[in-house]
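Worksheet: the structure to be examined is printed underneath.
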Amino acid sequence: MDAVPNREIADMKGAAALPRKNGELVFDEAWQGRIFGMTVAMSHDACFAWRNFQSHLIDEIGHAERGGESTSYYERWLHAFEQLLADKGLLDAGALDERTREFESGRRDDVF
Amino acid sequence: MSGTHEHGHHHREPESVLSLRVRALESLLVEKKLVSSEAVDRVVAAYEQDIGPHNGAKVVARAWIDPAYRARLLADGTAAIEELGFGGVDLQVVENTPGVHNLVVCTLCSCYPHALIGLPPVWYKSFEYRSRAVREPRVVLREFGVDLPETTEIRIWDSSAELRYLVLPERPAGTERLAEAELAKLVTRDAMIGVAVVKPPAAAAR
């Protein structure tokens, strides 16, 4: 059920641990909450096992840190999620690039 | 994973580009019916507001059914919760008895054993609760629906960054036959803060 937080997600440890402030989740910008919500909702619906996403996230964080990148936690999360969706055949990277351009140019303007 | 990182994150993208990309992603996933925006809303709300008192309830239920664990929990809370796989917090557990009721507050900020009982409720962080819990605990408890006899001693525990407190509530009457997992379901966050008592199953269902 969506309303009941999953401990496997809430209690992730180490580099993958969710950013918190005094125990509460921190989303610095709205899109961070959206990408978190999409990932969790899809795992609740069994599109993938949480541990699959978590291992993608850990790989992504490791890759970014080795490369000395200053990307934010949720930017890395986004990349990991895209990678997972591509691996599962659920998302075509080209389609996402195209859709992003549509939003950028104003041809699309759905608000979430 | 493939190990190839062709999506160009060798440089930091401006946030607006990320925001556009996430909107594009949501629009595609919704279109494919892989997710709904309502489900995303529900997830964000649930995780932002409360990760739940689940772990603390397990600790309490174990203490209720296992006297040896209860003794270890009261003697060294930190070590006893580690036995159940919970940690990351220095914890003292304080036990409610027929003559003593315990109440947890953090007068300075909002220190809270969130590894055990989730995120603090809004009122716990309010200046009003933080000041009145110490000044007039009996009145505050009555407002929460806990009406204690004058003879009951109320002990206030002021949490700090170094040490957190958890109330071990009294086990309600009529629960002798319940299994540990069923007992855990009766234990609420508020009871472990000390602003509620644990109700027997029939009353809890009401």
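The values are calculated or read from the model by the stated rules, or taken from the named source; none is laboratory data. It should be emphasised that the depicted structure is a prediction, and the values quoted were computed from it without experimental measurement. Ideal geometry is used to build each Cβ from the backbone, glycine not excepted, and the neighbour counts take in all protein chains shown.
Being loosely packed, with under 13 Cβ neighbours inside 10 Å, of a type in the set (D, E, K, R), more than 8 Å from chain B (Cβ to nearest Cβ) and part of a helix (DSSP H, G or I), is that true of even one residue in segment A:58-67? Yes, the conditions are met somewhere in segment A:58-67. Counting the residues of segment B:134-151 that are of a type outside the set (G, A, S), surrounded by fewer than 16 Cβ atoms within 10 Å (Cβ to Cβ) and under 16 Å from B:V198 (Cβ atoms) gives 2.
Scan segment B:90-108 for residues that are over 17 Å from B:V140 (Cβ atoms) and outside any strand (DSSP E or B) and the total you get is 4. Scanning segment A:26-38 for residues that are more than 7 Å from chain B (Cβ to nearest Cβ) and under 14 Å from B:R21 (Cβ atoms) yields A:A30, A:Q32. The residues in segment B:18-55 that are in contact with a strand residue (DSSP E or B) (Cβ under 6 Å, 6 or more places away or on another chain) and either more than 7 Å from every other protein chain (Cβ to nearest Cβ) or buried (at least 18 other Cβ atoms within 10 Å of the Cβ) (or both) can be counted, and the count is 1. Annotation: of all residues in segment A:68-98 being more than 8 Å from chain B (Cβ to nearest Cβ) and among the small types (G, A, S), the one that is farthest from B:E48 (Cα to Cα) is A:G94. The residues in segment A:68-109 that are surrounded by 14 or more Cβ atoms within 10 Å (Cβ to Cβ) and part of a loop (DSSP other than H, G, I, E, B) can be counted, and the count is 6.
Would you mind stating whether A:R34 is out of contact with any strand residue (DSSP E or B) (no Cβ under 8 Å at 6 or more places or on another chain), assigned to a helix (DSSP H, G or I) and among the basic types (K, R)? Outline the logic, then answer.
On the way: out of contact with any strand residue (DSSP E or B) (no Cβ under 8 Å at 6 or more places or on another chain): yes; assigned to a helix (DSSP H, G or I): yes; among the basic types (K, R): yes.
It is true that A:R34 is out of contact with any strand residue (DSSP E or B) (no Cβ under 8 Å at 6 or more places or on another chain), assigned to a helix (DSSP H, G or I) and among the basic types (K, R).
Let's see how each residue does on (1) of a type in the set (D, E); (2) at pLDDT below 95; (3) in contact with a strand residue (DSSP E or B) (Cβ under 8 Å, 6 or more places away or on another chain); (4) assigned by TED's automatic domain parsing to the domain that holds B:K199:
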| residue | (1), (2), (3), (4) |
| --- | --- |
| B:F127 | no, yes, no, yes |
| B:R130 | no, yes, yes, yes |
| B:R138 | no, no, yes, yes |
| B:V146 | no, no, yes, yes |
| B:E150 | yes, yes, no, yes |
| B:W157 | no, no, yes, yes |
| B:S160 | no, yes, no, yes |
| B:L163 | no, yes, yes, yes |
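When residues in segment B:109-126 are screened for being part of a loop (DSSP other than H, G, I, E, B), within 14 Å of B:G194 (Cβ to Cβ) and hydroxyl-bearing (S, T, Y), 1 of them pass.
Candidates in segment A:39-57 are the residues that are among the polar types (S, T, N, Q) and facing chain B (nearest Cβ under 10 Å); of these, the one that is surrounded by the most Cβ atoms within 10 Å (Cβ to Cβ) is A:T39. Residues in segment B:38-89 that are closer than 24 Å to A:A17 by Cα, modelled with pLDDT of 85 or more and not in a helix (DSSP H, G or I): B:L84 alone. Among the residues of segment B:107-125, the ones that are of a type in the set (A, V, I, L, M) and in contact (Cβ under 8 Å) with a residue 60 or more places away in the chain come to 4 in all.
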